[in-house]
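Beneath this line is the structure, given in structure tokens, with notes to follow.
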Amino acid sequence: MKTILNIIWLILSGLWLFLAYCLAGLILCITIIGIPFGIAAFRIAVYALWPFGYTTVERRDAGAGSFVGNVLWLILAGWWLALGHIVTGIALCVTIIGIPFGIANFKMIPISLLPLGREIVPTDQPFATR
């Protein structure tokens, strides 16, 4: 079932969200300071491409650096990536078939706004940390 949902997701919104995160990652990797943010964008891009079967959990070892990084991320890329999820989610919720995918878009807004200090894990192991 996860595979079918992911294929439909890929067709309806996953591909363009993946490309948006990859573009953000490339732009952020231009400077040395932006490389950690670019890596986070590429990590989320894969999650945005194939989200069903995965979830996000907070990392317990994330500290003040993650907070500062999240503030910078929010200013540099987070707000417009979250806006993309909001617009796509609303558009998908217009149809009955698209409602689960719209809800999935809304669930991705927190990680698009504040990705540092969060980890993407399979849903069958939501408490696993590295």
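The values are calculated or read from the model by the stated rules, or taken from the named source; none is laboratory data. Keep in mind that what you see is a predicted model, and the values were worked out from it rather than measured. Note that we place each Cβ from the backbone using ideal geometry, even for glycine, and neighbour counts take in every protein chain shown. Calculation scope for accessible area: heavy atoms of the full protein, side chains included, ligands and nucleic acids excluded. Shrake-Rupley method; radii C 1.70, N 1.55, O 1.52, S 1.80 Å.
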> If you check 39, 30, which single one turns out to be part of a loop (DSSP other than H, G, I, E, B), open to solvent by 80 Å² or more (accessible area, probe 1.4 Å) and modelled with pLDDT of 90 or more?
Replying inline: 30
>> Quick test for you: out of 69, 53, pick the one residue that is on the phi > 0 side of the Ramachandran plot, modelled with pLDDT under 90 and of a type in the set (Gly, Ala, Ser).
In response: 53
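Based on what the data block shows, is residue 8 touching a residue at least 60 places away in the same chain (Cβ under 8 Å), surrounded by 13 or more Cβ atoms within 10 Å (Cβ to Cβ) and either in a helix (DSSP H, G or I) or of a type in the set (Asp, Glu) (or both)?
Yes, satisfied.
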>> I'm told residue 99 meets every condition in (1) of a type in the set (A, V, I, L, M); (2) open to solvent by less than 80 Å² (accessible area, probe 1.4 Å); (3) touching a residue at least 12 places away in the same chain (Cβ under 8 Å) except one. Can you identify the failing condition by its number?
In response: (3)
> For residues in the range 102-130 being open to solvent by less than 10 Å² (accessible area, probe 1.4 Å) and small (Gly, Ala, Ser), which is nearest to residue 11 (Cα to Cα)?
Replying inline: 102
>> Return the residues of the range 49-83 that are over 14 Å from residue 122 (Cα atoms), small (Gly, Ala, Ser) and in contact with a helix residue (DSSP H, G or I) (Cβ under 6 Å, 6 or more places away or on another chain); say none if nothing qualifies.
In response: 77, 78, 82
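Each row is one residue, and each column tells you yes or no for (1) at pLDDT 90 or above; (2) within 12 Å of the chain's Cα centre (by Cα); (3) part of a helix (DSSP H, G or I); (4) farther than 18 Å from residue 6 by Cα.
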position: 45; (1), (2), (3), (4): yes, yes, yes, no
position: 78; (1), (2), (3), (4): no, yes, yes, yes
position: 82; (1), (2), (3), (4): yes, yes, yes, yes
position: 89; (1), (2), (3), (4): yes, no, yes, no
position: 96; (1), (2), (3), (4): yes, no, no, no
position: 103; (1), (2), (3), (4): yes, no, yes, no
position: 116; (1), (2), (3), (4): no, yes, no, yes
>> Looking at the range 108-127, I want the residues that are more than 19 Å from residue 72 (Cβ to Cβ) and have a partner that is aliphatic (A, V, I, L, M) and assigned to a loop (DSSP other than H, G, I, E, B) with Cβ atoms under 8 Å, at least 6 apart or on another chain. Which pairs are those?
In response: 121/128; 122/128
>> Give me the residue from the range 47-60 that is touching a residue at least 60 places away in the same chain (Cβ under 8 Å) and open to solvent by 90 Å² or more (accessible area, probe 1.4 Å) and, out of that set, nearest to residue 9 (Cα to Cα).
In response: 54
